[in-house]
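A quick write-up on the structure given underneath.
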Amino acid sequence: MSNQSGITADQELLDILNNSEQQNDSQYLIVVAKISQDSNLVKFSNQFTLLEQLKQNLGDEPLYIFIKNFQKDPKHYNFVSFVPDNSSIRSKMIYASTKNTLLREVGSNILYQQILATDFNDITDTIKETKINENALLTEHEKIELQINQQQRQMQL
């Protein structure tokens, strides 16, 4: 799929996200993606089944993280745009400008919620909540997007 930024999602990443299955009664499936060195592809980087494994592999570089919690919602992912505070300005800009393009390619029908995180605690605090905080400050666009995603999930049931 062509897009405005010129960056596309790697087919391997799309296949993993669309064909994910629970492994060994694990609670989570965590798929990590990052932008390639030449900044033209979002590619699959790693896969984990434990949040602790993810924590050990986080560094100073931004990442896109898809987390499926099989106990709460086995069909949908939480999308995390992980951009540490000490990342380079260039990396922050590339990841911010590419996020929406990636989400369009992945398809919003497999996403539960979006999380912006600068450290591991931001990820775990949100993932472990039982539902989306309806009092959170959302833009009108985010509220509409949330409603559309909820309606799509209901239609799939």
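The values are calculated or read from the model by the stated rules, or taken from the named source; none is laboratory data. Because the structure is a prediction, the values reported are computed rather than measured. Because the Cβ atoms are built from the backbone with ideal geometry, glycine has one as well, and the counts that use them run over all protein chains shown. Surface areas here come from the heavy atoms of the whole protein model, side chains and all, with no ligands, DNA or RNA. Shrake-Rupley method; radii C 1.70, N 1.55, O 1.52, S 1.80 Å.
Evaluate the range 81-96: report whether one residue or more is of a type in the set (Ser, Thr, Tyr), touching a Pro at 6+ places or on another chain (Cβ under 8 Å) and in a strand (DSSP E or B). Yes, the range 81-96 has at least one match.
Those residues that are open to solvent by 90 Å² or more (accessible area, probe 1.4 Å) and either of a type in the set (Gly, Ala, Ser) or outside any loop (DSSP other than H, G, I, E, B) (or both), I need them from the range 70-80; list them, please.
Result: no residue meets the conditions.
Of all residues in the range 88-105, exactly one satisfies the criterion of being surrounded by 19 or more Cβ atoms within 10 Å (Cβ to Cβ), among the hydroxyl-bearing types (Ser, Thr, Tyr) and within 24 Å of ASP125 (Cβ to Cβ), namely TYR95.
Okay, residues lined up against (1) without any contact (Cβ under 8 Å) to a residue 12 or more places away in the chain; (2) surrounded by 13 or more Cβ atoms within 10 Å (Cβ to Cβ); (3) more than 22 Å from ILE94 (Cα to Cα):
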{"site": "TYR28", "(1), (2), (3)": "no, yes, yes"}
{"site": "LYS34", "(1), (2), (3)": "no, yes, no"}
{"site": "ASN40", "(1), (2), (3)": "no, no, no"}
{"site": "SER45", "(1), (2), (3)": "no, yes, no"}
{"site": "PHE48", "(1), (2), (3)": "no, yes, yes"}
{"site": "LYS55", "(1), (2), (3)": "no, yes, yes"}
{"site": "ASP60", "(1), (2), (3)": "no, no, no"}
{"site": "LEU63", "(1), (2), (3)": "no, yes, no"}
{"site": "LYS68", "(1), (2), (3)": "no, yes, yes"}
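Is at least one residue of the range 126-144 modelled with pLDDT of 80 or more and open to solvent by less than 40 Å² (accessible area, probe 1.4 Å)? Looking for residues that are modelled with pLDDT of 80 or more and open to solvent by less than 40 Å² (accessible area, probe 1.4 Å), one finds none in the range 126-144, hence no. Here the condition is being polar (S, T, N, Q) and either touching a strand residue (DSSP E or B) at 6+ places or on another chain (Cβ under 9 Å) or assigned to a helix (DSSP H, G or I) (or both); of GLN56, GLN37, it holds for GLN56 alone.
When restricted to residues that are modelled with pLDDT of 90 or more, polar (S, T, N, Q) and within 16 Å of the chain's Cα centre (by Cα), the range 62-96 contains 1. Screening ILE115 on (1) assigned to a helix (DSSP H, G or I); (2) in contact with a Ser or Thr (Cβ under 6 Å, 6 or more places away or on another chain) shows it passes everything except condition (1).
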